[in-house]
Amino acid sequence: MKKILFGSNLKMYKTTSETVAYLQKLQELSGDIPGIQLFIIPSFPTLHSASEAIDHEKIRLGAQNMGWEEEGQFTGEVSARMLEEEGTDLVMIGHSERRHVFGETDYEENKKVLKALEHGFITLLCIGETAQQKEFGISREVLREQLKIGLHGAELKEDSELWVAYEPVWSIGVNGTPASADYAEAMHQEIKACLKELFGERGLEIPVLYGGSVNPGNASELIVQPSIDGLFTGRAAWQADKFNALIHQALDTLEAQK
């Protein structure tokens, strides 16, 4: 049975000591919940201490970004080999802030995806349309373009793990507006159709998560959508007890539907 994914990107908020305390509390509260896979993506400086503080089977540890070369004159970048040494399980690629604040392109994300898969990381590709693209009615085309370029040349081997997170740009952050459950489901259906075109039946096994102002008020209606395989939660997950409550609420709603 496919596990339901629950995770969070801590962005540039928690120090190393705060990250370790958060992870240990989250593992204590939620680490043994059956049928789910937790993942947390803290900042680069916290990775070593975070890795030593958790059971990686209970919480997968992710990096927020990664360079596409093994080594070289790339000041400020972090390589796959460096992340391996820190005990990283997962690499997030193409978060909207990397795209829209730091100007990364689909072609750069593609090189990172290929490098992450080559090194055996769980590879989490984030995609999403802007408010203007949504207004112009091209959301589906934008998502397909990001997938087709971002995953160009990717080969899924037996042990490869590729995840996709749908994060509409207009729904992220303090002033974000959550997508309706119906809209999120429609976009997830489009993403899954594209993944099947790219990878055949194997594409249908790729988990697609929804992220974008996930909170206790909408988590339950999102998680029950047929094409949503997990929730990528922002600030609503940054306190372990609140994240644990959100997870249980979502799972209770799923169980009630059976």
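Some points to look at:
- Picking from residues in segment 150-179 that are small (Gly, Ala, Ser), in a loop (DSSP other than H, G, I, E, B) and at pLDDT below 95, the one that is farthest from residue 231 (Cα to Cα) is 160.
- Residue list for segment 168-197, restricted to those being more than 15 Å from residue 145 (Cα to Cα), in contact (Cβ under 8 Å) with a residue 12 or more places away in the chain and of a type in the set (D, E, K, R): 185
- Only residues that are surrounded by 22 or more Cβ atoms within 10 Å (Cβ to Cβ), without any contact (Cβ under 8 Å) to a residue 60 or more places away in the chain and assigned to a helix (DSSP H, G or I) were counted in segment 24-60, giving 3.
- Top-ranked residue of segment 112-127 - restricted to ones that are crowded, with 17+ Cβ neighbours inside 10 Å, in a helix (DSSP H, G or I) and of a type outside the set (A, V, I, L, M), ranked as farthest from the chain's Cα centre (by Cα): 115
- Whichever residue in segment 128-149 is small (Gly, Ala, Ser) and outside any helix (DSSP H, G or I) and, among such residues, is nearest to residue 209 (Cα to Cα): 128
- Yes/no for residue 191 being of a type in the set (Val, Ile, Thr), part of a helix (DSSP H, G or I) and modelled with pLDDT of 95 or more: yes
- Residue check, residue 139 farther than 22 Å from residue 46 by Cβ, in contact (Cβ under 8 Å) with a residue 24 or more places away in the chain and of a type in the set (Ser, Thr, Tyr): yes
- Figure legend. Inter-residue proximity from segment 96-111: first residues over 14 Å from residue 151 (Cβ atoms) and assigned to a helix (DSSP H, G or I), second residues charged (D, E, K, R) and modelled with pLDDT of 95 or more, beta-carbon distance below 7 Å, spacing 6+ or different chains. Indicated pairs: 96/167; 98/104.
- Qualifying residue in segment 188-203 (condition: closer than 26 Å to residue 11 by Cα, surrounded by 15 or more Cβ atoms within 10 Å (Cβ to Cβ) and not β-branched (Val, Ile, Thr)): yes
The values are calculated or read from the model by the stated rules, or taken from the named source; none is laboratory data. The structure displayed is predicted, hence computed values, not measured ones. In this analysis, Cβ positions are derived from the backbone assuming ideal geometry, glycine residues included, and neighbour counts consider all displayed protein chains.
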